[in-house]
Structure formats: structure tokens, C-alpha cells
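Everything below concerns the one structure shown next.
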2 protein chains.
Amino acid sequence: MKVIIVGGVAGGASCAARLRRVDEKAEIVLVERGPYVSYANCGLPYHIGGVIEQESSLLVATEQLFRAVFTVDCRTRCEVTGISPKTKTVEIKNHATGEVTTEKYDKLVLSPGAAPIRPPLPGIDLPGIFSVRTVPDAKAIREWLDRGASELAEEQASSGFQALDKPKRAVVVGGGYIGLEMAENLAHRGLEVTIVEMLDQVMAPLDPECARLVARHLEQNGVRLALGDAVAGFRQNANGALEVHTKSGTVHPADVVILAIGVRPETELAKAAGLEVGQRGGIRVDEQMRTSVPDIFAVGDAVEVKDFVTGEWSLIPLAGPANRQGRIAADVIAGRDARFRGTQGTSVLGLFGATVAMTGANEKALTRLGDSDHEKMYLFPNSHAGYYPGAKTLVLKVIFRKSDGRLLGAQALGRDGVEKRIDALAMAIQMGATVYDLEEAELCYAPQFGSAKDPVNFAGMAPADVLRGDMPLVHWGSLGNGFLLDVRSPQEVATEGVPGAVNIPLPAIRANLAKLPRDREILVICRSAVRAYYATRILLQNGFNARNISGGMLSRSMLVPT
Amino acid sequence: MKVIIVGGVAGGASCAARLRRVDEKAEIVLVERGPYVSYANCGLPYHIGGVIEQESSLLVATEQLFRAVFTVDCRTRCEVTGISPKTKTVEIKNHATGEVTTEKYDKLVLSPGAAPIRPPLPGIDLPGIFSVRTVPDAKAIREWLDRGASELAEEQASSGFQALDKPKRAVVVGGGYIGLEMAENLAHRGLEVTIVEMLDQVMAPLDPECARLVARHLEQNGVRLALGDAVAGFRQNANGALEVHTKSGTVHPADVVILAIGVRPETELAKAAGLEVGQRGGIRVDEQMRTSVPDIFAVGDAVEVKDFVTGEWSLIPLAGPANRQGRIAADVIAGRDARFRGTQGTSVLGLFGATVAMTGANEKALTRLGDSDHEKMYLFPNSHAGYYPGAKTLVLKVIFRKSDGRLLGAQALGRDGVEKRIDALAMAIQMGATVYDLEEAELCYAPQFGSAKDPVNFAGMAPADVLRGDMPLVHWGSLGNGFLLDVRSPQEVATEGVPGAVNIPLPAIRANLAKLPRDREILVICRSAVRAYYATRILLQNGFNARNISGGMLSRSMLVPT
């Protein structure tokens, strides 16, 4: 059996290595357009930033390993330029020699990945404008950033432009994962960074109120944000510097521009071969990674996958799923029964000392799908026991099914202990856990690591209180005509009040029930919604109609734009 | 309804607070022997060590909160000295006034906790010998450690002993959680620390080979260990210093002694009232925290709980389960249907920059129970992607059911990312996950946080390889008469070899198959068992009988005493 794998890196390389382990006799050919069979593309921004110093560190699995250990016929700098499903052949062009050959396959695995989007904007090919996909891309950016003033001066002089200093102003186009990682790494190198993002939020997989916190954090760290504005074009001005012109008419000067608008599945080859491509633009595969054409499989960023929670087809360009898909394709080719279960979109971003992570469905997606059987909560637990030094507030948004309590998704932000909560919640979602299960979760507790009631427990307890009817909930932005009751201390209220709210501190509630209306819904406010929960319980049990405003003042700062 | 809760801290205080939230009208009396209704007992070692500077930090939930917000009648410095189930009354002694009263209850909740074991050894009441249970205990230890030479001198002079320096030598009796935390904190204060432990390992809930790594880590941090030796008694010598005499005849000089031998459920009151006590010595309760006597509940360290994995009755003195039990008792008293699901024994310890964590069943327990349907594996993944700076090796022992792959338990050690993997695995165990589920787990990946194949995925993939028959396994210590094949590089073998092993580096295996025996089992060795896995696959598919030695050289150092 001869298996040709098109594209290395995560999906293709995993497939090749796994296939050898499950089939010692197969002939495996790995065709990779670039110079490396596999490299750590998730590390590229950190290599550019200098955190990962050596380029060689990125070359995790070498061609030598693939040849010697996995006996894979590696064809780097070669590209598959055509597929003929009828003859089961591919056309391979060797970019080193220019030679074009035709080879037969018994099984073909496509792992072409997804290419950075480069819209056909005026000036997009000017020097100093880069995408971040490959090791050579990173090298080019590093060289551009490293060039001393003298070199630049020489080059600029010869090109007729005035001398330039070493690059110090960067514009990053796109506020997704790569864009934000690049922003951090460029700032780390001392550049002034501006992010231009077409959407009115960064990190599209986050819900907007969570993304707002990320935006504030970026700004606090000196990154300028131009949200809700799209690039119209690029120019080079008289002194050689770049200018990024936006549709709103703003001009952002730049010595370097990073295009991180997003990625698009590379499907030209697949389309030309007649493979079905889905509505999202990715190669359509079944749960065994088979495309619509017999004996052709596809894995990684180029394929559409089923969202584990919503069941929607989606594009999830992440390394973890790509690796698992590569393994599954290999197993299936070797005659085993392996199935991809879909993806939860679990992801994490480190950003100027903070961490942002998420898993499962977000509110935007559920709303878009017309799902009304979900509720959300905002929680602000400590990263570890408050009595042990260094505890930080976590921001946790939990989304769950109203009808049965099933956990649907979670988003978390903070300075410590963020991704471990999302990992536990990701495992919970995978296993179909409900918020009632989270209540009973037994996680690691010592004061420097967590709390006797971990944030993951709170992510169960608070929603369960809602579902059991113990804590009717309301959200900022949909308060209606309720009576606003603020149960914080007068000192806290003096610092930041809510217009129209009556202040009765929690310990004084029972003594002041007569002051509260019995004909209106009472909406209870505190800092993080814990004291408001206590107050709500008192009010409900005393016959009042009360609701807790989820997340209190802390979520207000997310949900009510200032 | 009048509910009397005996004992505050985790279980009792949680019960009181929860009960108020679900029953606004109940009369709730909280009787606590000590001065505080609730305090962070898990923080005591860190307060003694000075990490938590202020004693007030430990007083998380104050009496003021309980009175004002939860309208709980707090009786601190009061002790329940007798229970009469027939009359449904308790006898309460007020230690401040000496007054003894009798009060009726409708429901009684016992949360007496567990007391540090103080065996009746000669000299155990000498000054300078302390247990660590309460805030006053911590205060006494701090004062003892803080006393300057002059104060000591004065006191010693008046007592007829010679002048003493400030305490500088500590003996900790017991190598469990509290013992190790105390050892670290005393070392943090500059004391020389010796741990005397009766068992031949520290941290009894760990399997011995994992505990060996903890012991080495302690020794590397200057803590002396006297394992497998029990204290025979204590003496004060002529110059006033303490001596700890052991059964082996060793004498450990000490200026301070910490008794951390373990805890014993406080069941005197329960026994006197005729409540059933189990074989493990804890109050027996049902899954709704009811004792054997009507209207009496019990929660926390004093009760026996069902082990979630093995179904055995066990004593788990941990704050997390105590909190959950307190909530459940409150819910049941308020007429709700809540049930405790048992405990997994999830726990974590920070120790000189390292972390040790575990969840579920250990091998010792399964073996003791005669369970033969389990297998174990040792894994040594990176804490995060190896190409990003700062990755550390994790030691991960995974225990799973041979028949169906269900995850039974895990133990992990390392410097980074330890407890988050145990949290994910704890959630997996709670939800009944198999190693096949772990293979497909989708966790947070960015290079500073994890790997595209997270250690949790490896904890599924490697066992699944075993269960699918792809990787027959063998362990150091039970190698039998196999042919030892070391597939590491000659350089690695030169550094540390295995007697009798033949070295053929992995890339040379296929070319040297003729040198390998077809009539013997080939046991394959490498550093961490990854290359050995690749080699095992090659050998098996070439008709050899091969097994991978789990964990390779890295587990050898745990399993083969040097």
C-alpha cells in the first residue's frame, strides 16, 4: 500500500508517524511545499519576539527522524500540483529542480493547512508587510526588525528614499490569536504597536463583553486598538515608511506591518480534484476523515469539522485537533475503527501576563443558531484561596442549558489559574457534564493552588442555584423596570454607584424589608453577585420577587460600555 | 425548626451558611469549641512559615458575618459535651463562663473534625512539642520560633536549664501533607528539619515509587528523612534542648518538634450518643449525611465516606469534600434531595517549588483490595511544548482498568503544570471517562501552556496503545527472563546503562533485526519509553515478541532502588 500525504506540520506529520506505527509495511510519501516536514507554527510569534531564541527550536520533528525512524519518504520543497482520482495519481512538482513527476497512490491524505488571508489591497506587496505562517516568514520578519539603522540607511539611500531608523512602529492587521500574539511579541521587542481590526472586538471566538476586557488589557499594556475599522490600502511615504490607510480615513504610520487577518483553508487542489467543499469553505470529511472521493482523506486546518456542542460545521485551525485528525486518518487507512468526535474549540492565549481561554460554545454562536435553551453567568472567583498571598480575580463566563443543566461553554480571563479551569471544564463538556456535576467536582485544593470550593465548583453551584429556582437571574442590559437594590457597603457605593439604585447593605436587609416594594421585581446588585445572592435568598423567602444581577458591578464594567 | 451544628470550620460553617440560604426561618446554632467559627486550617503551615503574614488573613468567614448575614447564633468557646437522642437535646458547656446548659434540637449536625494523633509517648507534653490544628496552635508555634535568644535565656535560667539559642533544629514527626508542609515552612524560616516517619515512604496516599521522588526532592532541599522509624519518646536534655528518641535507637536533637502523625476522627461524642462508627473509625453516614440515629447528621473529617473509585469506606480529611458535605446536610435538612457522591481523594501539595498531586485510586489500594483488573503506566511528558523556554518534565503515573479502559487514578509530580493535569483527570474520573476519552480530550494549547498533545492526551494514548495490543507492557521489577534491548543512543547508554542490555539505537533497529532473538521476549528500553514504543511497534510488526518497559530509564530510577 502506498500512501501519499500532502503537507506536513501538525496534521500531515502526525498522520505519517502514526501510520508507520500501525503499518510497518506501507510505503509512505510525505510531500511538503516548504523546507521542513514539521515545525512548531504555534511558536512563530514567540520566535519573532525573541522568547524562543533559536529557529532550530521550532523544528521539533526533523526530516532525519521521519526518514530514519518512520521510514517516510520525505519530499520537502515539493508540491502536489494536481490530483487525478480516476487514475489515483498525483502530479508532484519539485521546486528545487523544477521537475514534475506523476505518482500513483493507494490512499491520499490532504493536509494542506490554511493560508493567511491576503486581500488584494493596494500596496499589500510593499516591503515590510508580512504574514506569519512559516519558518521562513518568521525569519524574514526577524531580519526586517533586526536591521540596524546603518543597513537600512544604505538600502534606503540606494532606493532613493531617505534614511530610516530601525523599525519602531508596527501595525498588526487583525485582532485574532496570531494578531494578539504578534502584538505582544512586537511590544516585547520595544515596538509601538497598533492593531487594526475590522470587527468591533478582538478575539472573535470570545463573546464581546469578554473581548472588551482583553481590549482594555491590551491598551493598559500600551497597544493601540483601532476596532471596527478595515484596512483600505498600504502606501510607502517619501521617507520610506509605510502607511496603513483604513476605510474610516485614518492613517497609521508603520515601519512594519503584520497581516493576521485570519486564515482560509487551502482547497484549490481539493476543488480541482472534485472533492466536496462545505459552506464554510473547508474540505468536507466524514468522522473518519474521508473526503467525498474514495481513498482520499483530509485533515487539519483545511477541513470542516463538526462543532462538538452545536453540531455545526466549522473551521477550527488549531494544532490539537489537527494532530488527532492525522492519527485518525492513519488508523482508518490501516483498517482500524477510529472516529473524530468533533471539536470544542478549546483554546488559550497568553497576553502580557494575562491568560484568556475558552472551550465549547459561545453565546454569540448559540444566539445566531436561534438556541433559546441556554443561560449564562458571570463569576469572579479567586484564582486560589484569598488568604494565601497572590490570589487574583478570575473572570469566568459559563454557558449552560436551561432545560437539563448541561455545560455548553466557558470563557475565562485572568492572571493565574485560567487555563486549568478551562481544561477541567473542557473535560466536563467532552463527557457531557452538567452544572450539577461541576458542583460535585473534586479538584486539587491547597491554598496556593485553589480553594476548597474551586472556581470550577462555583461554575456549577451558581448555575445550579439558578436552575433550581434559588436564584432568579437577570443581566445588565436587560434589567427592565425593576427596583434596583444595591447591597454593598456605603463606602463601595460612594466609589462607584448605579444610577437609581437604593443602597441597603446586606447585613441590614432583614431589618429594612418594609422599605422594599412588594409589587415590583427587586434587582439586587453587589460587587461580584455573591452578597446579592445572599440578599436574593432572603428576599425570596420573605415573599419578595427578586433577581440577582449576574456578576454584579464586575460584569457591569464588561456589559455596560463606559 | 432548630438546628444545632457542632463544630465550625469547613463542614460546619458551610452547613450553617447553606442552611440559612435554603431556610430563612430555621433557628441555627453553631457551637464551636475554639475562638473562631471558621478559619482556614489549610493555611496554618503557611502562617507558621510566614508566607501568610497576618493571623487575621486566616479568619475568612467571621462570626460577624455569620451573625449579621446568616443570622446564625454563634457560640464560640462552647463545647457540646453530650447528646441525648431520645430527648433530642445536647449539653453545651461554655468554656468562658463554665456554665452548662441543655438545649433542644430538631436536627443536629456533627462536624467535630479530626484531632491530631498524640500517642502517649514519654515526654510528649514537654514544652516545644506542638500539633498543628488550630489558629492558637499556630500562634504558639510562631511564638516559640520567634522568641529571641534573650527571652529564651531568661526562661531557661529561671527553669534551671542553660541558655538556649533561638530554635534552629526542628523534628517533624510524620511525613504526610501537614508534616511536609510544616517541613517546608520551617526550612523557609531557616530551621534545619528532620522528618521522622514510621512508614518507609512519605505521603502515604502516593504509591511508593512516586513517594521516592518526593523524598529525593526533600533531601535535595536539605530536609533530612528518617523513614521506617517510629518515635519512642521525647526528652529534654541538660541544656534545655529536646531530643527525639526513635525505636531504632536514633536520637534527633530538636529545638522544636511538630507532631504531624495524622488525624483521628473525633467520635467520642458520637459514640457516647450511640451513633454507628465504621471500621475506619469514622462516623458512619448515608449519602445524605444522615448518621444511624434519626435527625442527627455528620459531615467533614469525622465521617467515613465511600471512595468513588473503589467503593471502600475511607477517611478523607480534606476541606473540599467537607464543604460539599456541609452543603448536602443543609439541603437534606431543608427537605431537598442532595447526595454525596463519594470522594476521589483529589489532593495537591506544594513542596520547595515542586507540586505533587493525585486523584482516584492508587496501586497500593487496588492491590490490597485484590483487584487484578488494572494496569499502570509511567509517563514523562513536558509541562508545556518543549520548544518554548521553561518546559519541565512531568512525572505521571496513570492507573486504568484493563477490561474497559476506565481511568482509575493518577499521580503527578513536577515543577509546573502538575495540578492542572490532575484536575482534568479528576474531572475525567468523576465522569467515568476511559483512556479512550482522554485520547480525544481537547485541552488548552499554546506553547507556554501545554502541547498539541497534552500530557492528559498522552495519559489516554499510551494506555490505549496497551489495551489495543499495540504496545505490550512490562514493568521494572517484573522483567522476568526477557532479552533486554536498549534503543537509546550509545552516548546515553554510556552515561547510564542497564546491566545485560544490548544497545541498538532506534534508527538502526530495522537494519539489525537479524541480531534479535525470535524465541525470547524482547524487552525494550529507552529514556522515557517513547522511542521504545516505536521500536516495539517495529518489532511486533516484524514478528518478534516485544514489550515496552513502561517509563524507561526515568521510571527505573523510581522503581529500582539505587
- Item | B:Gln325 being within 29 Å of B:Leu19 (Cβ to Cβ), more than 17 Å from the chain's Cα centre (by Cα) and crowded, with 19+ Cβ neighbours inside 10 Å | yes
- Do we have any residue at all in the range B:136-152 that's at pLDDT 95 or above and either among the β-branched types (Val, Ile, Thr) or over 22 Å from B:Gly50 (Cβ atoms) (or both)? yes
- Note on the structure: The residue that is nearest to A:Ile509 (Cα to Cα), considering only those in the range B:63-110 that are among the small types (Gly, Ala, Ser) and away from chain A (no Cβ under 14 Å), is B:Ala96
- Task: For B:Lys271, indicate whether it is surrounded by fewer than 20 Cβ atoms within 10 Å (Cβ to Cβ), of a type in the set (D, E, K, R) and under 25 Å from B:Gly432 (Cβ atoms).
- Result: no
- Message: Looking at the range B:242-257, can you tell me whether even one residue there is touching a Leu at 6+ places or on another chain (Cβ under 6 Å), modelled with pLDDT of 95 or more and surrounded by fewer than 22 Cβ atoms within 10 Å (Cβ to Cβ)?
- Response: no
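Go through the range A:287-310 and give me each residue that's among the charged types (D, E, K, R) and free of Cβ contacts under 8 Å to residues at least 40 places away in the same chain. Quick ask: steps written out before the conclusion?
Looking only at the range A:287-310, we keep the residues that are among the charged types (D, E, K, R), and these are A:287, A:290, A:295, A:301, A:304, A:306-307.
Result: A:Glu304, A:Lys306.
Inside the range A:291-313, can you point out the residues that are of a type outside the set (Val, Ile, Thr), closer than 26 Å to A:Ile429 by Cβ and out of contact with any Lys or Arg (no Cβ under 6 Å at 6 or more places or on another chain)? Break it down stepwise before answering.
From the range A:291-313, those of a type outside the set (Val, Ile, Thr) are A:292, A:294-295, A:297-298, A:300-302, A:304, A:306-308, A:311-313; that's our starting set.
Now narrow it down to the ones that are closer than 26 Å to A:Ile429 by Cβ: A:298, A:300-302, A:304, A:306-308, A:311-313.
Answer for the range A:291-313, where residues must be of a type outside the set (Val, Ile, Thr), closer than 26 Å to A:Ile429 by Cβ and out of contact with any Lys or Arg (no Cβ under 6 Å at 6 or more places or on another chain): A:Ala298, A:Gly300, A:Asp301, A:Ala302, A:Lys306, A:Asp307, A:Phe308, A:Gly311, A:Glu312.
Per-residue answers, yes or no, for (1) closer than 14 Å to B:Arg556 by Cα; (2) in contact (Cβ under 8 Å) with a residue 12 or more places away in the chain:
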residue: B:Gly480; (1), (2): no, yes
residue: B:Leu484; (1), (2): yes, yes
residue: B:Ser489; (1), (2): no, yes
residue: B:Glu492; (1), (2): no, yes
residue: B:Thr495; (1), (2): no, no
residue: B:Val498; (1), (2): yes, yes
residue: B:Val502; (1), (2): no, yes
residue: B:Ala508; (1), (2): no, no
residue: B:Ala514; (1), (2): no, no
- Task: Output the number of the condition that A:Val418 fails; it satisfies all remaining conditions of (1) touching an Asp or Glu at 6+ places or on another chain (Cβ under 8 Å); (2) in contact (Cβ under 8 Å) with a residue 40 or more places away in the chain; (3) buried (at least 19 other Cβ atoms within 10 Å of the Cβ); (4) not polar (S, T, N, Q).
- Result: (1)
- Note on the structure: Of the residues in the range B:409-450, those that are within 7 Å of chain A (Cβ to nearest Cβ), more than 29 Å from A:Asp337 (Cβ to Cβ) and not in a loop (DSSP other than H, G, I, E, B) come to B:Glu419, B:Lys420, B:Ile422, B:Asp423, B:Ala426
- In the range B:479-490, is there at least one residue being in a loop (DSSP other than H, G, I, E, B) and within 11 Å of another protein chain (Cβ to nearest Cβ)? yes
- the range A:289-307, residues that are surrounded by 22 or more Cβ atoms within 10 Å (Cβ to Cβ) and not charged (D, E, K, R): A:Met289, A:Thr291, A:Ile296, A:Phe297, A:Ala298, A:Val299, A:Gly300, A:Ala302, A:Val303, A:Val305
- Note on the structure: Conditions (1) free of Cβ contacts under 8 Å to residues at least 60 places away in the same chain; (2) at negative phi -> A:Gly469 fails only (2)
- Among the residues of the range B:521-528, is any of a type outside the set (Val, Ile, Thr) and either assigned to a strand (DSSP E or B) or surrounded by fewer than 16 Cβ atoms within 10 Å (Cβ to Cβ) (or both)? yes
- With criteria (1) over 30 Å from A:Gln344 (Cβ atoms); (2) modelled with pLDDT of 95 or more; (3) acidic (Asp, Glu), A:Glu181 comes up short on (1)
- Query: Out of all the residues in the range A:11-51, which are facing chain B (nearest Cβ under 8 Å) and either aromatic (Phe, Trp, Tyr) or farther than 15 Å from B:Ile538 by Cα (or both)?
  - Reply: A:Ala40, A:Cys42, A:Gly43, A:Tyr46, A:Val51
- Item | Test: A:Asp465 is within 13 Å of chain B (Cβ to nearest Cβ), over 24 Å from B:Tyr445 (Cα atoms) and not in a loop (DSSP other than H, G, I, E, B) | yes
- Task: State the number of residues belonging to the range A:352-377 that are of a type in the set (S, T, N, Q) and within 23 Å of A:Arg415 (Cβ to Cβ).
- Result: 3
- Message: Taking the conditions exactly as written (within 14 Å of chain A (Cβ to nearest Cβ) and within 37 Å of the chain's Cα centre (by Cα)), does B:Thr536 satisfy them or not?
- Response: yes
- B:Val60 passes all but one of (1) closer than 30 Å to B:Ser314 by Cβ; (2) within 14 Å of chain A (Cβ to nearest Cβ); (3) modelled with pLDDT of 95 or more; which number fails? (3)
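When the residues of the range A:494-514 are filtered to those that are in contact with a Phe, Trp or Tyr (Cβ under 8 Å, 6 or more places away or on another chain) and more than 10 Å from chain B (Cβ to nearest Cβ), which remaining residue is farthest from A:Val395 (Cα to Cα)? Show your work before the answer.
Filtering the range A:494-514 down to residues in contact with a Phe, Trp or Tyr (Cβ under 8 Å, 6 or more places away or on another chain) leaves A:502, A:506, A:513.
Next, only the ones that are more than 10 Å from chain B (Cβ to nearest Cβ) stay: A:502, A:513.
Values: A:Val502: 27, A:Leu513: 32 Å.
Among them, the one singled out is A:Leu513.
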- Item | Failed criterion for B:Pro517 (all others in (1) at pLDDT 95 or above; (2) more than 11 Å from chain A (Cβ to nearest Cβ); (3) assigned to a helix (DSSP H, G or I); (4) more than 30 Å from A:Ala426 (Cα to Cα) hold) | (3)
- Query: A:Phe352 fails exactly one of the following numbered conditions: (1) in contact (Cβ under 8 Å) with a residue 60 or more places away in the chain; (2) on the phi < 0 side of the Ramachandran plot. What is the number of that condition?
  - Reply: (2)
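The values are calculated or read from the model by the stated rules, or taken from the named source; none is laboratory data. Computed from a predicted structure; not experimentally measured. Note that each Cβ is placed from the backbone with ideal geometry, even for glycine, and that neighbours are counted across all protein chains shown.
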